[in-house]
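Let me begin by presenting the structure, written as structure tokens, before commenting on it.
The values are calculated or read from the model by the stated rules, or taken from the named source; none is laboratory data. This is a predicted model, so every value here is computed, not measured. Methodologically, a virtual Cβ is constructed for each residue, glycine included, from the backbone with ideal geometry; neighbour enumeration extends over all protein chains shown.
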Amino acid sequence: MKKILIIEDNQEIAELEQDFLEANAIESDIETDGIKGLDRALHGTYDLILLDIMLPGMDGFHICKRIRAEKEVPILMVSAKREDIDKIRGLGLGADDYISKPFSPPELVARVKAHITRYERLTRSASPADGAVIQSGELEIYVDKHRVFAGGREVTLTNKEFELLVFLAQNKGLVFSRDRLFEKVWGLDAEGDTATVMVHINRIREKIEPDPAKPIYIETVWGAGYRFRE
């Protein structure tokens, strides 16, 4: 059975989330304090972190950064404030996705399942065909080893960044809209704002491009989407 960590200061909401998740065969632990939640996230073993933003002790933004610095576990951030959603988009926190309050319990369960499935698919043992190196100029992508080198220097990507880069690199020259990339990388049953794709593209560029303002690997095709240059 899968197990997630719910970091939510409203005990009533947290228990409601827990009830619906457990009804769908997903176990969960609850932590209502930010600092204690971070400690449990770093030292426990979970398939996903459901992270609220407004927390006592330490807010969700700082918790997300700390978790991502040490772990690749999927992080689904939760917020009821519009301005917080804008921050999630723009700060490059490393969160995989976000969900806005109020949300329906079935939507929450669907999003959690989608991210767990995607993470498992990414980390599952790769097939022999995936062992080949994807190379373009000074960029090298080792799919099975989950390693990326740019200009001879290894760069660290989150799971979603890596999966998005691999998908584009395996389809060189093809243009994909943000909606299409969201479907392919985040999952058809994951409903969210496709601005998430733009944020992840920008993060990848900052890590692999010699000059992120003038990308040579991931191009923007205005009015159409993105493509990996042939």
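So if I check each of L42, L51, which one is out of contact with any His (no Cβ under 8 Å at 6 or more places or on another chain) and exposed (fewer than 15 other Cβ atoms within 10 Å of the Cβ)?
Exactly one residue qualifies, and that residue is L42.
When segment 41-84 is examined, which residues are found to be out of contact with any helix residue (DSSP H, G or I) (no Cβ under 9 Å at 6 or more places or on another chain) and within 21 Å of K113 (Cα to Cα)?
Within segment 41-84, G44, T45, R68 meet the criteria.
I'm told G192 meets every condition in (1) assigned to a helix (DSSP H, G or I); (2) at pLDDT below 85; (3) under 30 Å from L16 (Cα atoms) except one. Can you identify the failing condition by its number?
Here G192 meets the rest and fails (1).
Starting from segment 47-60, keep only residues that are in the same structural domain as A25 (by TED's automatic domain parsing) and under 14 Å from I35 (Cα atoms), then list their pairs with residues that are part of a loop (DSSP other than H, G, I, E, B) and polar (S, T, N, Q) whose Cβ atoms are within a distance under 9 Å, requiring at least 6 positions of separation or different chains.
D52/N10; L55/T32; P56/T32
Condition check ((1) in contact with a Leu (Cβ under 8 Å, 6 or more places away or on another chain); (2) closer than 18 Å to G94 by Cα) across all residues:
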site: V166; (1), (2): no, yes
site: F176; (1), (2): yes, no
site: E183; (1), (2): no, no
site: I201; (1), (2): yes, yes
site: D211; (1), (2): no, no
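Quick check on my filter: what residues within segment 21-39 are within 14 Å of V112 (Cα to Cα) and either in contact with a Gly (Cβ under 7 Å, 6 or more places away or on another chain) or surrounded by fewer than 17 Cβ atoms within 10 Å (Cβ to Cβ) (or both)?
Passing the criteria: E22, A23, N24, A25, E27.
Contact list please: Cβ distance under 8 Å, first residue in segment 11-40 and without any contact (Cβ under 8 Å) to a residue 40 or more places away in the chain, second residue among the polar types (S, T, N, Q) and surrounded by fewer than 16 Cβ atoms within 10 Å (Cβ to Cβ), pairs at least six apart or on different chains.
Correct list of pairs: I30/Q11; T32/N10; T32/Q11.
What tally of residues in segment 71-82 results from selecting those that are closer than 14 Å to T158 by Cβ and either in contact with a Lys or Arg (Cβ under 9 Å, 6 or more places away or on another chain) or modelled with pLDDT under 85 (or both)?
Of the residues in that region, 4 qualify.
Just need a number here: residues in segment 139-183 that are surrounded by 14 or more Cβ atoms within 10 Å (Cβ to Cβ) and either in contact (Cβ under 8 Å) with a residue 60 or more places away in the chain or not in a loop (DSSP other than H, G, I, E, B) (or both).
Total satisfying the criteria: 27.
Regarding Y46, is this residue modelled with pLDDT under 90, within 23 Å of E163 (Cβ to Cβ), of a type outside the set (D, E, K, R) and within 18 Å of the chain's Cα centre (by Cα)?
For Y46, the condition - modelled with pLDDT under 90, within 23 Å of E163 (Cβ to Cβ), of a type outside the set (D, E, K, R) and within 18 Å of the chain's Cα centre (by Cα) - is not met.
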